[in-house]
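The values are calculated or read from the model by the stated rules, or taken from the named source; none is laboratory data. All values reported here derive from a predicted model rather than from experimental measurement. Note that we place each Cβ from the backbone using ideal geometry, even for glycine, and neighbour counts take in every protein chain shown. For accessibility, only protein heavy atoms count, side chains too; no ligands or nucleic acids. Shrake-Rupley method; radii C 1.70, N 1.55, O 1.52, S 1.80 Å.
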Amino acid sequence: MIEPVLDGRCAIGVVGSWALIPPQLTHEVLLSVRVYMVVSPKHPLASRRGRIPTRVLAEHVKISHIDPNDMTGLFVASRPKYPKIWRLSHLGAKAGFPARGLGFRKHAPAYHRAELASGALIEITSDHAPPGGHVIDMVAIYRTDSPPGPAGRWFIDRLKQAQAPPLKRELSPPQPVSVAAKVAGRRPSIR
């Protein structure tokens, strides 16, 4: 969603806090979502107990989403923690691969309750995850030089009002990351 907003095809976009937001865009937090790592019960990581070290996770394939419109390469270059990443642009494929034993991924439990309840997916915990899982923010973005008009402002305000109360972060909250730091490739601590 960043490129269509930057080039003016869209007035407002919604992206996750993992996105590298360029300095020409303003962002406002809309809602927070807790995410967990999951695998198939047939996956080798499923037999591990407790917190799994990052070095062990790095031996396995991580399933990740990539926006096919992101031609900057910044998103891809910012993920050195896991050298074996399959980047999929189709969200359905991203959701289906781990349930079939192909890799591990992060997901929000609200979207896959049935798979968790049936045992098709199980939760695993990395050594770098805060208690209760990582929290990501979904943010509205718009060009700083072209802020939303009355209808756009109404839309953003309604999205903010529709959310549940902000999630309590169980560790100290992530420190604010400047847009310049994001563009330079520094990652927020939600990962």
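In the structure shown, the pairs K42/K62; K81/K160; K84/K106 are assessed against 21 Å; a Cα-Cα span above that value is assigned to K81/K160. Against the criterion of solvent-accessible heavy-atom surface with a 1.4 angstrom probe, E59, E115 sort, most first, into E59, E115. Here is the tail figure for region 1-57: Cα pairs spaced more than 13 Å apart come to 71 percent of all pairs. Per-residue surface analysis assigns W86 an accessible area of about 110 Å², computed on protein heavy atoms at 1.4 Å probe radius. In this structure, R87 and A108 have a Cβ-Cβ separation that, at R0 = 22 Å, corresponds to a calculated FRET efficiency of about 0.70. Quick check: Cα centre of region 13-53 to Cα centre of region 117-155, how many Å? Their Cα centres are 8 Å away from one another.
Using only the heavy atoms of the protein chains and a 1.4 Å probe, how would S146, S64 rank by accessible area, largest first?
Sorted descending by solvent-accessible area, the residues read S146, S64.
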